[in-house]
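Visitor: Got a structure for you, questions after.
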Amino acid sequence: MQKKLIITNATVVTPVGNSACKGADMAKLTVIENAAVKVTDGIITYVGPAAGLIIDSDIDYSLIDAEGRVVLPGFVDSHTHLIFGGYRPDEFSWRLNGESYMSIMQRGGGIQSTVNATRSESCDALADKAQWFINRMSEMGVTTVEAKSGYGLDTESELKMLEAIDCLASTPGQKLNIVSTFLGAHAVPKEYKGRTGEYVELMINEMIPAAKGKAKFFDIFTEKNVFEIEDSRKLLKAAREAGFELKLHADEIVTLGGAELAAEMGAVSADHLLHVSDEGVKQMAEKGVVATLLPLTAFALREPFAPARKFIEAGAAVALATDLNPGSCFSGSIPLTIALACIYMNMTIEETITALTLNGAAAVGMADKIGSIETGKQGDLVMLEFSNYRMLPYYVGMNCVNTTIHKGNIVYEAR
């Protein structure tokens, strides 16, 4: 049930608007001291000074005294691989000993290892595992998550993953919004090794039509020796014609032109971008493609961080996400994401908050519904333990969420 909730004595901190904040605007937050927020039937119906709050006497509201604490929009984790079978801790050790992500993949590890495990697990087992991660995400203030398929790499298994995502999204009382992405083009499966063109045709003729209507987005790993530019363009066109909105894993390992392709195809976002070209930055900014940066992955792979400042200075919209997955980044830590963005990517905390809220919402096509604390938007809120939002990066890698609220429901309380 969506509750009727009033928060008083809060320090509200939020970006504003129904679309992504770009460039210098990312640093512009609205701060309201001694504020109140009213949520009625899951929708924000008042935000502003507590003195202006009108309480309907005939409606029973739950009351929270924030005691001066910061209240933010719920965090949006706009890039995760939430559904997967098995784990890969041995590969993590191999990487620590100097093996590269691509060399592990070429010897049968990497994505194919998870594909084997995922194909053997039931839909219910995949959903149960993902729910455990969802519960942890909620504790860190996440109220919306994007969940990809991509560890099936055949029609039956990809549909199983999408079914698991749908089951989670439709679970009564679910703790967060779940946005579904079809990532059948995550890798070329072992049975098509050396025959990438045939797998591309299978996707176009069978997998994309089968997934139509079961996911909002189509995503692809555009990378050298995986899906290069021409195959990526071909698949993206087919997905767009089938009604999908588009995302790309772009320029993660080498500078290939994935960012430019994202701009050409009108993608909603291009993600990773560790090795993006200056021209790619420029074209994404011009075409309004959200740059979703994933600092946890760069950290785990010991790679250079994506050039957040280049994107911001070019007038682009930057989002941040965790890239939770069983291989290159087995972490969904929002606190560490915040710390890395501020310390190593030179983002201000104001830009980081915008990137994890309104711009994350834009990266999943929901900026008109979530991502800021404004009347008419969904009542997804995070209350911190502190009265100063600058505590977020200062409390390095540690969770300082006191309460998470989804659609007006308290879904997590620290105490």
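The values are calculated or read from the model by the stated rules, or taken from the named source; none is laboratory data. As the structure is a prediction and not an experimental result, all values here were calculated from the model. FYI the Cβ positions are ideal-geometry reconstructions off the backbone, even for glycines, and counts take in every protein chain you see. Surface accessibility is based on the protein's heavy atoms, side chains included, excluding ligands, DNA and RNA. Shrake-Rupley method; radii C 1.70, N 1.55, O 1.52, S 1.80 Å.
Visitor: With the condition being farther than 30 Å from SER93 by Cα and among the hydrophobic types (A, V, I, L, M, F, W, C), I'd like the helices (runs of 4 or more DSSP H) fully within the stretch 240-306 carrying at least 1 qualifying residues.
Guide: Output list reads 258-265, 278-287.
Visitor: Filter the stretch 307-348 for residues that are in a helix (DSSP H, G or I) and aliphatic (A, V, I, L, M) and give the result.
Guide: ALA308, ILE312, ILE334, LEU336, ILE338, ALA339, LEU340, ALA341, ILE343
Visitor: Could you list, in sequence order, all residues of the stretch 57-89 that are farther than 30 Å from LEU358 by Cβ, touching a Ser or Thr at 6+ places or on another chain (Cβ under 9 Å) and surrounded by fewer than 16 Cβ atoms within 10 Å (Cβ to Cβ)?
Guide: GLY86, TYR87
Visitor: Now for a separate question. Just to be sure I understand, how many residues within the stretch 113-150 are in a helix (DSSP H, G or I) and small (Gly, Ala, Ser)?
Guide: Summing the residues that are in a helix (DSSP H, G or I) and small (Gly, Ala, Ser) in the stretch 113-150 gives 7.
Visitor: Something else now. Tally up the residues in the stretch 333-390 that are closer than 24 Å to LYS175 by Cβ, open to solvent by 40 Å² or more (accessible area, probe 1.4 Å) and among the hydrophobic types (A, V, I, L, M, F, W, C), please.
Guide: Looking only at that region, the number is 2.
Visitor: Moving on to the next point. Does HIS272 satisfy being open to solvent by less than 10 Å² (accessible area, probe 1.4 Å), touching a strand residue (DSSP E or B) at 6+ places or on another chain (Cβ under 9 Å) and at positive phi?
Guide: Here the answer is yes, as HIS272 does meet what is asked.
Visitor: A follow-up question, please. Listed residues LEU256, LEU294; which is over 19 Å from VAL364 (Cα atoms) and touching a residue at least 24 places away in the same chain (Cβ under 8 Å)?
Guide: LEU256
Visitor: Restricting attention to the stretch 282-305, report how many residues are under 21 Å from ASP323 (Cα atoms), open to solvent by 10 Å² or more (accessible area, probe 1.4 Å) and not acidic (Asp, Glu).
Guide: Summing the residues that are under 21 Å from ASP323 (Cα atoms), open to solvent by 10 Å² or more (accessible area, probe 1.4 Å) and not acidic (Asp, Glu) in the stretch 282-305 gives 6.
Visitor: Follow-up. Under 6 Å by Cβ, and 6 or more places apart or on different chains, what pairs join a residue from the stretch 1-25 that is under 22 Å from ASP41 (Cβ atoms) and open to solvent by less than 70 Å² (accessible area, probe 1.4 Å) with one that is small (Gly, Ala, Ser) and part of a helix (DSSP H, G or I)?
Guide: THR8/ALA50
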